[in-house]
Amino acid sequence: MPVDTRRKSGAVPTSRLGRALRFGMLTGELALSAAVGTARQLSSGKPVDLAASLLTPGNAEMLARRLAVLRGPAMKLGQLISMSGEELVPEEFRRALDVLRSQGYSMPDSQLRRVLGREYGKGWQQKFAHFDFDPVAAASIGQIHRARKLGGRELALKIQYPGVARSVDSDVDNLATLLRRLDFLPLQLDVPALTREAKRQLKLETDYESEARHLERYRKLVTVMPEVVVPRVDRTLTTRHVLAMDWIEGEPLEALTSEAVPQARRNAVARTLYELMFRELFEFRFVQTDPNFANYLYLPATQQVALLDLGSAGEYPAALVASYRDACRAMLAGDDAALREAMFAIGYAHPDDPEAMIRNAADIIRLACEPLVHHGPYDFAASGLAVRARDLGLAVAFGKGLRSPPPATIFLHRKLIGTFLICVKLRARMNVHAIIEKFL
């Protein structure tokens, strides 16, 4: 695992009232900035562009500071924004939010010691031959520390921020309110159903004993893919709020985005990620649903990809997976009637929906499946798919011409979109069509 020497610490706000107040301040600051930006546009005679008023570098820096201090689901929002392509969010805005993926605020040592004392008991340091108090990384739900167990085993300890598990419900509600007030959500979106699913999944992510079980299960499943590595769990040091696993030495996956990295290496990593994604859905029916650069490492000596995080994982019923397989088969065959039936089965559309709404859903699926139906190497970076999907999605969603996605699919969508965006940043060129044919 890579070590980031930068360190910024700050106590994690743990009370519901304290977090709600910070969200309120954030909403007010963004609304004020948007109002000022809109007034400037009006005074200059320019057409009003709310997005331009909000997505400024100054707002991004303020948003990054606020979300980094809050951690938890709030910080995940910023991480997702920072991973988006420059067609979706201005480059300056994303760059200011990169801190949320590379190195957020860590707990002060005093708070860290209290957490470990609560989890391991008095004299907890005697369990280790060495414990590094400087975190390797500070993410949304916990921070990573390197440690050496008595006996010599090198470990990565993921230590959860205090209060994050208790804050899931209020954070998700506050985020939904924030996005509503800033007019970022389509009016037809089934917000209550989607927030329920988000709360369910995020509560699982804060249960590190559950993640330990996911890691053990996933490690067995991926034995069919020797190019993928998953760390072993140390059960003796794992609790609900501390996850102990093997330390894996490797390079950040994001380092492969450099132009100095050979195209063949970038293509090979992208191919591994896509094959892994298809296996997860169509064979395992058990999907790691948080694909971002921080959750992977590249091992140059063996040319393997290590998957480090199984906090966000979903098990999908056979009937739903079969419907996704039918949709992919229909796309590859150009069978519009079969695609409609698969859409109805998944819940993207309903037979009683207006015909225009059904066509909108089909158009979005066709666009999303472009890499799958393309014969030969697909050029992710040159495709422009992200901006085309954004424009079509916004046009139909905000125009009330699209059914709200089934709640059970929202984290699967994060997997599909996140994997695509990683391959865009890798500037990969590969034959996705040939990969998915093996699973249909």
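Any read-out appearing in this document is the output of simple, stated calculations on the displayed coordinates, not a laboratory observation. Quantities reported herein were computed from a predicted structural model and do not represent experimental measurements. Cβ: placed from backbone, ideal geometry, glycine included. Neighbour counts: every protein chain shown.
Amide H contacts under 5 Å for residue 129: 148, 149, 150, restricted to partners 5 or more places along the chain or on a different chain, H placed in the peptide plane at 1.01 Å from N.
Considering only 195, 243, 282, the residue lying farthest towards the positive end of the dipole of region 183-298 is 282, judged by Cα position with unit charges set on Cβ. Which whole-number percentage describes the relative contact order of region 253-440, with Cα contacts under 8 Å and a sequence gap of 6 or more? Worked out over region 253-440, it gives 32 percent.
Protection proxy ranking of 274-286, 349-361, 416-428, by the mean of other Cβ atoms within 10 Å over each peptide's residues and highest first, is 416-428, 274-286, 349-361.
Compute the signed sum of charges (Lys and Arg +1, Asp and Glu -1) over the other residues within less than 15 Å, Cβ to Cβ, of residue 122. After counting each charged neighbour, the total is +3. If the limit is 30 Å between Cα atoms, which of 127/199; 203/415; 199/438 go over it? Listed pairs above 30 Å: 127/199; 199/438. Cα convex hull, region 253-440: 118 Å³ per residue, rounded to a whole number. Per residue, the convex hull around the alpha carbon atoms of region 269-337 comes to 104 Å³.
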